[in-house]
Each structure stands twice: as C-alpha cells, then as structure tokens.
Amino acid sequence: MYRVLKPHGKLVMSDPTCEQPMNDELRNDDRLRALCLSGSLPIAEYVKALTDAGFGTIEIRARKPYRILDPKNYPTEELIYIESIEVAAIKDPMPEDGPCIFTGKAAIYYGDEPFFDDKKGHILLKNQPLAICDKTAAALKEIGRDDIYFSESTFHYDGGGCC
C-alpha cells in the first residue's frame, strides 16, 4: 500500500489487536481466521510494521473492546481480550529522529506567559490542549517544567497536533 500512495496520502484501517500471546491452535483456527482474529498483533508490533514500511506518521484514532476468546468456546486456558483499533498511516517523510506516533496524548501549558515555545516547533498556548505525538511528549517532559500538564494516551485522536 505504501508505494501506491501519493506523498502525504493516508491509509486508514480498522483491525483487531491483542496484547496477549495466542497459542498456535488459535492462530491456525479457520473460524478465527475468517473473523480476522487469528492474526491479531500487539499494538506496538502493528505500529512497527507500518513504520517499517516507511510511514512517517501514525495516528491511533480509536481503541475499543472487540471480542473475548474464552476457554469454554476456544482452545485456550485463559481469557484472551481482543480490541479493535482504527489507525491512519500517513505517507509523510520519516523524521530523522523516528516516526511521529499519535496515541491521543495532549500537553497543556498553564504558566505565567501567554504561551510556551520549546524552540523546536512546538508552541503551547496558555490553557489550550495541544495534541502531541509520543516522541514530542517525551521530549517536552524531559525539559522538566512544572507548568505543563501531560495527559495519558487516550487512544483517541482526530487530527491537528505537533508534527
């Protein structure tokens, strides 16, 4: 898909993901394959496959409960929780410091000045949330300011932001 997209083109998908390991019997189950569940990957592996293909920006737009594989109905000894994620992979140039991965984090500046400028292209207006990628969140946290609030990943993202 990457090679056929125009620059800045978007590949938007919804796929099941699973953070738990699945045994081979589940992975090879025809019924689960037909439901697109047997190939569920952890989110980090899913995102890595997209960035390895060359996508410079990844937006995780939604993350929702999807299915349970339970021992009564499937060959597993534990409950397996599967989520559905909606992802947009954008054919942006790969930044030198790695891809921008948006997981729904935001930064809110609440200092004494009207805005905060990190001199790296990120301007935070006073008391206005700015969607930030995980890489930017880590860089801003490293500055060590006590007047910037960072939200956790909400796994909901609808555009805008730092990169």
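The values are calculated or read from the model by the stated rules, or taken from the named source; none is laboratory data. For clarity, every value in this text was computed on a predicted model and none was experimentally measured. Glycine also receives a Cβ, built like all others from the backbone with ideal geometry; neighbour counts cover every protein chain displayed. SASA here: full protein model, heavy atoms, side chains in, ligands and nucleic acids out. Shrake-Rupley method; radii C 1.70, N 1.55, O 1.52, S 1.80 Å.
Some points to look at:
- Per residue, the chain exposes 60 Å² of accessible surface when a 1.4 Å probe is rolled over the protein heavy atoms with every protein chain present.
- Over 29 Å (Cα to Cα) - which of Lys6/Lys141; Lys91/Lys135; Lys48/Lys105 fall in this group: Lys6/Lys141
- From helices alone, the chain scores -4500 deg cm²/dmol at 222 nm; the rule is -39500 (n - 2.57) for each run of n ≥ 4 DSSP H residues, then divide by the residue total.
- Relative contact order for the stretch 1-95: 40 percent, from Cα pairs under 8 Å spaced at least 6 residues apart, divided by residue count.
- Using the average count of surrounding beta-carbon atoms within 10 Å as a protection proxy, the listed peptides 20-29, 93-102, 5-14 rank, highest first, as 93-102, 20-29, 5-14.
- Extension gain for the segment Asp30 to Lys119, taken as residue separation times 0.36 nm less the Cα-Cα distance, is 26.7 nm to one decimal.
- Theoretical gain in end-to-end length, Tyr110 to Ser14 [0.36 nm per residue, Cα-Cα removed]: 31.0 nm
- Placing unit charges on each Cβ (+1 for Lys and Arg, -1 for Asp and Glu) gives the chain a dipole about its Cα centre, and among Pro75, Gly56, Tyr110 the Cα reaching farthest toward its positive end belongs to Gly56.
- Projected onto its three principal axes, the C-alpha set of the stretch 1-48 covers 41, 21, 15 Å, listed from the longest axis down.
- Carbon/sulfur fraction of accessible area - the stretch 27-133, other protein chains in place, 1.4 Å, %: 54
- Our analysis of the chain gives Rg over Rh at 1.07, with the two radii drawn from alpha carbon positions and Rh computed by the Kirkwood formula.
- Descending Cα extents along the principal axes, the stretch 1-80, whole Å: 48, 22, 17
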